[in-house]
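Taking it in order: structure first as structure tokens, then the write-up.
Every number in this text was worked out from the coordinates using simple rules, so none of it is lab data. Computed from a prediction, not measured in an experiment: that's the story for all the values here. For neighbour counting, all protein chains shown are included, and Cβ atoms are generated from backbone atoms with ideal geometry for every residue, glycine included.
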Amino acid sequence: AGAEFVGTFVIIFAAAAASIVNKKYGGVETLIGGAGASGLAVMVMVVATGHISGAHLNPAVTLSFATFGHLPWAQVPAYFGAQVTASISAGFLLKGVYHPFLHGGVTVPSVAYWQAFLLELLISFNLMFVITAVATDNRA
């Protein structure tokens, strides 16, 4: 679960820091820059941790792999614990680094909460479908 901690920490820190920096400097990074920073962090951490434990850098990935029998359920609590602890730790480090300026890391839906929930559910399902298919199929 150590690889999950490091990978999740880097992803959360990079993604949130990109948003904070963008807000702090008046939008110079833009949405593309934020997405690029987040995407590169994910790519680098998947490559760096994939060979160690499968790059379970998101609780949804861990849950998907366990559900489909590619990860023992006994390992799920340790992975979840590492992922949640890493996320909280990254948040505290961001607060320390960017205090007192800490705007931009908050997502507020512009639609009803139930619509945002359904959209997030659909997007997460698609992501987990692709990750599970690519990571577990020998033909992929």
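Quick notes on this structure:
- Residue by residue, the range 60-68 carries 3J(HN,Hα) couplings of 5, 5, 4, 4, 4, 5, 5, 4, 8 Hz when phi is fed to the Karplus relation 6.51 cos²θ - 1.76 cosθ + 1.60 (θ = phi - 60°); x denotes Gly or Pro.
- Sorting 8-20, 124-136 by average packing, meaning the other beta carbons within 10 Å per residue, from highest down gives 8-20, 124-136.
- Semi-axis lengths, Å, the range 1-113, gyration tensor of Cα atoms, sqrt of 5 times eigenvalues: 28, 15, 14
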